[in-house]
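Worksheet: the structure to be examined is printed underneath.
The values are calculated or read from the model by the stated rules, or taken from the named source; none is laboratory data. No experiment lies behind these values; they were computed from the predicted model shown. Because the Cβ atoms are built from the backbone with ideal geometry, glycine has one as well, and the counts that use them run over all protein chains shown. With ligands, DNA and RNA removed, areas are computed over all heavy atoms of the protein, side chains included. Shrake-Rupley method; radii C 1.70, N 1.55, O 1.52, S 1.80 Å.
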Amino acid sequence: MEKLIITCAICGAEVTKEQNPAVPYTIEEIVREAKSAYDAGASIIHLHVRWDDGTPTQDRERFQVAYDAIKKECPNAIIQPSTGGAAGMTDLERLQSTDILPSPEMATLDCGTCNFGGDEIFVNSDNTIINFANILKDKGIKPELEVFDKGMIDIALKMDRKGLLVHPLHFDFVLGVQMTATIRDLVFMAGSIPAGSTWTATGIGRSAWQIAAATICMGGHVRIGFEDNLYIEKGVLAKSNGEMVEKVVKMAKLLGREVATPDEAREILGMKK
Ligand code: KMH
Ligand code: ZN
């Protein structure tokens, strides 16, 4: 089986220090968490940034500072800025993360509109997706296709038919936000993408570890981190993102799967360095 790529979503836009004091807000905290994940075996750092008080932002300068500081500590990491930001942000606000220099190797491309609970709706119209896909393509940034349900795979494939995506396609199945996060869901999602595509999966909250285990066995790649889950086991808060990555590395070892280095990840994903 192909080596396992571990992505760490260290921060997110929604989780808070009240939920887990190790959630990073400041640049120093973000670098600390990125380094803990990288040292433990993550090749990809999925990056959101926050102001020091925890408010999520897509501010270009804040991304640049975080990106440069992470690169200093984790020189070979694949840094994947979010273009999703937080629900309610405008497209222009969200796109600032693609303006950092040099252009990041990868960024997210959210492939549909999604209910985030309560009154929160994360809006991605077809025109938004087309615009974002065009910008990523022009800048040579590989999109990670964020899909929160099967319909979003179909929207991504519609974008592909318009010639907006470069192959191989890479999907991230985010299970447990809009669709449920069962093994049946995971098998259905993995079976719904074109042959030759790569995929990562993440389970939100308590589903995280079961989705990670099933993904390792199925030949997919794993995303873990505070953005998606704050607990290392039932009732026990994770001390760091690195602790979570270490657990995935241990699981992979137990299940007979080697972990990819960042350069091996680039090769698996069809990315040039
Ligand atoms: N925070 C969510 C509203 C992404 O990073 O591209 C969007 C999100 C997806 O996290
Ligand atoms: Zn995100």
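Details
- In segment 57-194, the convex hull through the Cα atoms has an average projected area of 8.8 nm², a quarter of its surface area.
- Segment 60-216 - share of DSSP beta bridges that are antiparallel (%, nearest 5): 10
- Over 32 Å apart at the Cα level, from the set K150/K250; K72/K234; K150/K234; K72/K272; K3/K35; K72/K142, are K72/K234.
- Treating r as the C-beta distance of Y231 and F116 and R0 as 25 Å, the FRET efficiency rounds to 0.80.
- Summed residue charge, Cβ within 13 Å of P143's Cβ, Lys/Arg positive, Asp/Glu negative: -4
- Gaussian network model of the chain, springs between alpha carbon atoms under 10 Å - residue of D154, D99, D138 with greatest fluctuation: D138
- Of the two radii for segment 27-117, the radius of gyration is 0.96 times the Kirkwood radius, both from the alpha carbons; that is the Rg over Rh value.
- Sulfur and carbon atoms: percent of accessible area, the chain [1.4 Å]: 54
- All Cα-Cα distances of segment 154-273, cut into 10 Å bins from zero to the largest, leave 13, 41, 35, 10, 1 percent in each bin in turn.
- Using Cβ point charges alone (K and R +1, D and E -1), the dipole size of the chain about the Cα centre works out to roughly 760 debye.
- Per DSSP, loop trypsin sites (Lys or Arg not before Pro) in segment 121-203 with at most 13 further Cβ within 10 Å: K162
- Test item: Cα-centred dipole of segment 60-167, Lys/Arg +1 and Asp/Glu -1 on Cβ, debye: 360
- Beta bridges from DSSP with both residues in the chain: antiparallel share about 20 percent, rounded to the nearest 5.
- Cα pair distances in segment 146-187, grouped into 5 Å bins until the bin that holds the longest one, percent each: 6, 22, 28, 21, 12, 9, 1
- Positive-end residue, the chain charge dipole about Cα centroid, Cβ charges, pick of I45, V177, N76: N76
- Cα→Cβ-extended label distance, 7 Å offset, between A195 and T16, nm: 5.0
- Only Cα pairs under 8 Å and 6+ residues apart enter the sum, and on that basis the relative contact order of the chain stands at 24 percent.
- Counting only protein heavy atoms and using a 1.4 Å probe, the accessible area of F122 comes to about 10 Å².
- Dimensionless Rg/Rh of the chain - Kirkwood Rh, Rg from C-alpha atoms: 0.92
- In this structure segment 196-273 gives 47 Å² per residue of accessible area when probed at 1.4 Å with all protein chains present.
- Per residue, in Å², the accessible surface of segment 1-147 once ligands and nucleic acids are set aside, probe 1.4 Å: 38
- Measuring how big segment 4-61 is from its alpha-carbon positions, Rg and Dmax come out at 11.3, 35 Å.
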